[in-house]
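So the structure is just underneath, and the comments pick up after that.
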Amino acid sequence: MKHQVPHWLIILGGIGQIFTALVYPYIRHRVFDWYNDIKQLKPLNQEIAKTYGHYIQGLNFSFGLISILLVKDLQNGTGLATALTGLIAAYWTGKLITQFAYYPMYNIPKKPIFKIGEIGMNTLFVTFAAVFVWMFVVNLIALIN
């Protein structure tokens, strides 16, 4: 297929997605003081928030594994490849929209390491969204033709 995303870029994106899953607990704890904030919720709401946090972490890790292990399958132009790359593209695009629409309103610690981390993570999110939108479009074109 023409205009395919290079395999190395998909694998690198997969590694990045796994990295986001692994660093997610640190960010919640050290940057956002999430666990102390959660203690103010009712017990059921605490568990719901924790569950959603685990869903996010699990999806990031799973998308990373899929990206690394199934590179060719993600680009083969089938309905499943189109659906899966579309799902991952929508996930990261939604994350970007949320990141830039809502997060700037909040006060993140001003330490240089957190500023560097913010730039790094935003760069990863933009990259993930771009790579998977690209793959989705290529798969969609192949599926239609």
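Since every read-out is calculated from the coordinates, none of them should be taken as a lab result. Note that the coordinates shown come from a computational prediction; the quantities given were computed from them, not determined experimentally.
Annotated for region 1-135: lysine pairs at least 8 residues apart or interchain, Cα distance under 27 Å, count 16. Here is what passes the span test in the chain: the DSSP H helices with alpha carbon length of 30 Å or more along the helix axis and a Kyte-Doolittle mean of -1.0 or above are 43-69, 79-102, 112-144.
Hey, how much of the P(r) for region 19-142 falls beyond 26 Å, as a percent of Cα pairs?
Values: 2299 of 7626 pairs.
That fraction is 30 percent.
Across region 7-144, C-alpha contacts under 8 Å between residues 6 or more apart give a mean separation that, scaled by the residue count, equals a relative contact order of 35 percent. Adding -39500 (n - 2.57) for every DSSP H run of four residues or longer, then dividing by how many residues the chain holds, sets the calculated 222 nm ellipticity at -26500 deg cm²/dmol.
If you take the Cα atoms of region 7-74, find Rg, then find the Kirkwood Rh from the mean of 1/r over all pairs, what is Rg/Rh?
Details: Rg = 14.9 Å, Rh = 13.1 Å.
Taking Rh as the inverse mean 1/r over Cα pairs, Rg/Rh reads 1.14.
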